[in-house]
Structures are given as structure tokens and as C-alpha cells.
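Throughout, read-outs are computed from the coordinates displayed, never taken from laboratory work. As the structure is a computational prediction, the values presented were derived from the model and not from experiment. Here the Cβ positions follow ideal geometry from the backbone for every residue, glycine too, while neighbour counts run over all protein chains shown.
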Amino acid sequence: MLRAAARDSAIYGASSLLARGLVLLLLPFYTRVLTTEEYGLVDLATVFSHLVLLTVALEISQGVARLFHDSADREGQVAYASTALWFSIGAYGVFALLGLALAPAVAELVFESRDRVDLARIVVASAALFGLFNLVLNNLRWRLQPIAFAAGSLTFALVSIAVTVALVLGAQIGVAGVLLGQLVGSAAGLILCWVVSRDLYAARFDTARLREMLAFSLPLVPSNIGVFVTLYIDRVAIKELMTIDDVGLFGLGFRIASIVSLVLAGQLAITPLVYARYRERDAPAGIARAFRYFAGFAIVIAVVLGVFAPEIVTLISAAEYAGAAAVVPLLAPALLLSGAYVFAPGLAIAKRSGLQATIAIAGAVLNTVLNFLLIPRLGIVGAGTATLISAIVVFGAYMAVSQRLYPVPHGWVRLGVAAAFASGVLAVGVLVELPAAAGVLLKLGLLVMTLAVVVWLRLIDPADLRRVSRRAGRLAQR
């Protein structure tokens, strides 16, 4: 499993690196052409779109993911994929019609002003198209087609960026240009993914298979709403307790912290491989080894982002965004933990989606309470702290339950030592203030020590990296 995961992860990682790298390159553009309030509006639109993605189609994509490989014949796989597609077209179509008809109410809900009704219409249409794109794109993952998945992801990113830059700079329509860029990018990605996987779809709607998929996915809706709240209630709480400008600052910090998603690209390969091979005898050991590497790279990147956050913010943004640096050391590890659930696959394998929902909802309640307690006292740092604490609790609960259902031999002692050391390094890097040159030298020293500890604990084995590098080189020459 590890070899297949490494191969697919390299493809997912390369495409994610390019796609997300291009998006991150837009941050200096956004922070110089958009005010903190406008950036806050973009962030609130993103939150709304993610909520639509998790609810409208009842997470049927997860039903496809779980059942696709349980069907031994191609006809059954086509039936699952086609039924999910037609169901999603109907669900998102109804959502779009209602959203457009109720655009003033959507504007009030998302943007706190009925004067922004045009933005509301764009975000409704964009969210619906993105939902369909996400379904067809992820079906390429369940089909174990990482190259096609990469092409779809890159198409979405490149088209979105090109249209956004053209509309924001050329037409000078600000936030609307950003949202229209995402709408057109979703349409382009959807078309490409449909073309490369059209043999997977047919004019077929199987009600029995729909019930089977929804039996698995429906309990995941409250579960994923819980995850959504855990990740995004901070923006809602900041909007209610502070200002949309503060949402913009937090949003920039969140996007800088999301650079850790480059490490999470590997987990795109893990989930379909686990579903396809979890019955194999060596699968648990392969998952444990993959998690060890994930943890090693994640710790290093989280330390880099956390200690160098002020320099990164200064480099990419205007002075009014300086406050965003304070939340990066909190959000980077929180985002890593929120994506690490794939290494605790027991609940999904056992089809215990109801228990997943219970854990996620409990985490959401905890995060909500912490946000409303801490934001009045600590501002956006309170929001970041609440997100980190809840991410730790939710990941710990997922892992504890998963280990009972599907034991994986994780090396908890060295993982714990590495996490504790990284926490100490982040604390020193954030709290110790030195003159510019001395401060940079201290941070570089902390990074070197972190790398040394990660290698010493063998979270990252240099010998394995050399073998992977040689294999990648041979593949590149073919």
C-alpha cells in the first residue's frame, strides 16, 4: 500500500503544489487590490460555499467513495457514479433556483447587507457549480486516476486565477470578480472531468443504490457540518463579535496557514487506497508508515509557517494586514489535524458514520463555545486558539475510536515527542522578540533543530526518501 500511496501521493502532491501554489501567489494581489473588508467578504463567501458543498447533495460523494470498490463489476460502479451524479444535479439545481429567488435573504445572511444582492447571486451559482465539479472530480480519486484528478484540479485553479485577475484588474469589479473567477473555474473543471471520465456515467438512476449510498452518507452530513463548524465558526463569531475587517485579517492568516495543505495532498491518495485494500494483511502497517511520514513533514512545515509568519505577512501584503500573522502558528497545526482523520479509518471501514457525526458535532459545540468565550478577550487570536483546541480534541476522539474498530500500529511515543518538541519551538519562535537579524537567525536555528529531531526520531527516514527519489527519477525518464 505504501508504494502505491507514495506514487499516487507524488502525483496528487505535484498537482496540489502547483494549483495551490498558484492560488497562494494571488495573496499579494488580493491584499493589495482588496481592502481588509473586501477580503473579509471573499472569506465569508468561501465559508458559505463550503457549507453548501457539505449539505445540499447530502454528501453522496462519500457514499460513492465507500461503496465504489465493494462493487466487483464495472456495471455496478457505473450505477453508483451515475446515480450520484443525477441526484446531485437535481439537488444543486433546486438549491440554485431557491438561492437565486431568495438572493436578498442570502445577501443578508452571508454579507450582512441586502445591498450586496448581486454578490449573493454569484455566490449561489458558484457554489452549485463547485458542488457538481467536486463530485465528478472526486470520482476520479475513487477510480484511482490521480493524473486525471490532477488535470481537473489544475484546470479549476488556472481558469479561476485567469478570470479573477482579468475581472479585478481589467474590469475593476473587486469582490464580484473574485467570485466570478471561481464560478468560471468550476465550470471549466467540471467540463474537463466529465470528458475524461464520461465512460463512468450513463442515463441510469438506481434507487436501490441511491438508498445504499445515502444510508452511509446521510449521517455524515451532521458529521461534516460539525467539521465545518469546527473550521469556520471562527469567521462567523468574528463577524458577530468584531468586524468584517477582522474577518479579512483572520482569513489571510488562515490562507497562509493553509500552505500546510501541500502536505495534506498525500492524504488524497490514502483514502481510496484504504477503501480498496483495507482487507489486506499489511494494510495497517502501511497506514501507520504513511502517517509517520505525514507527521514528519507536517511538523516541519507548521514550524516554518508559525515562526516566520510575521515575515511572510510583511512580504505578501500591505501594512493593514499585519495582524494576520498572530493566528498562523495556531491555525497551521489545527488544519493539519483536521485533515489527518484519514489515518484513523476505522469508523469509515466499519460504516459507523453515526458515531463520526457524534464526534464531529461534539467538536463543533466545543469550538463554538470556545470562540464566543475567547474572542471577546483575545480577539482573532482567541478564534485561532479555539480552533486549535477543538481540532486536537476531535482528532484524538477519532483516533481513539478508530483504533478499537481497526487497529493501526502507530508509534505514539515518538509521535508524541516530536509534537511536544514542535510545540516548544513554536512557543519560543512566537514569544521571543529579537532585533530583525538576530530574530531570523534564531528562527533558522529552531527550524534546523526541528528537522534534526524529526530525522532522529525517524519520522522521516532519509534512506526511504532516497529510494522514492530514485523511483521518481526513473518514472520521469519513461
Check: For the chain, what are the DSSP H helices with axial Cα length of 18 Å or more and mean Kyte-Doolittle hydropathy of at least 1.0?
Finding: 117-142, 146-165, 175-196, 220-241, 244-257, 283-307, 353-378, 380-405, 412-431, 436-456
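At 10 °C and 1.306 mPa s, what whole-number value in µm²/s does Stokes-Einstein give for the translational diffusion of region 132-188, with Rh from the Kirkwood sum over Cα pairs?
Details: Rh = 11.8 Å.
Estimated diffusion coefficient is 135 µm²/s.
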Check: Relative to the Cα centre, what is the charge dipole magnitude of the chain, using +1 at the beta carbon of each Lys and Arg, -1 at the beta carbon of each Asp and Glu, and rounding to the nearest 20 debye?
Finding: 1900 debye
Checklist line | Exposure proxy order (Cβ contacts within 10 Å, fewest to most) of Lys351, Lys443 | finding: Lys351, Lys443
Check: Based on the alpha-carbon gyration tensor of region 220-478 and its eigenvalue square roots a ≥ b ≥ c, which shape applies: rounded if a/c is under 1.5, prolate if not and a/b is larger than b/c, or oblate?
Finding: oblate
Margin query: Under the rule a/c < 1.5 gives rounded, and otherwise a/b versus b/c splits prolate from oblate, where does region 337-438 land using the Cα gyration tensor?
Written below: oblate
Checklist line | Gain upon complete extension [Leu169, Arg32; 0.36 nm per residue less C-alpha separation] | finding: 48.2 nm
Notebook entry, point to check: According to the square roots a ≥ b ≥ c of the eigenvalues of the Cα gyration tensor, what is the shape class of region 328-389, taking rounded for a/c under 1.5, prolate for a/b larger than b/c otherwise, and oblate for the remainder?
Noted result: oblate
Checklist line | Separation between Cα centres of region 149-176 and region 43-57, rounded to whole Å | finding: 19 Å
Notebook entry, point to check: With each label point set 7 Å from Cα along the Cα-Cβ vector, what nm distance links Met449 and Glu433?
Noted result: 2.1 nm
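What list do you get for Leu98, Leu218 if you sort them by fewest beta carbons within 10 Å?
Neighbour counts put them in this order, fewest first: Leu98, Leu218.
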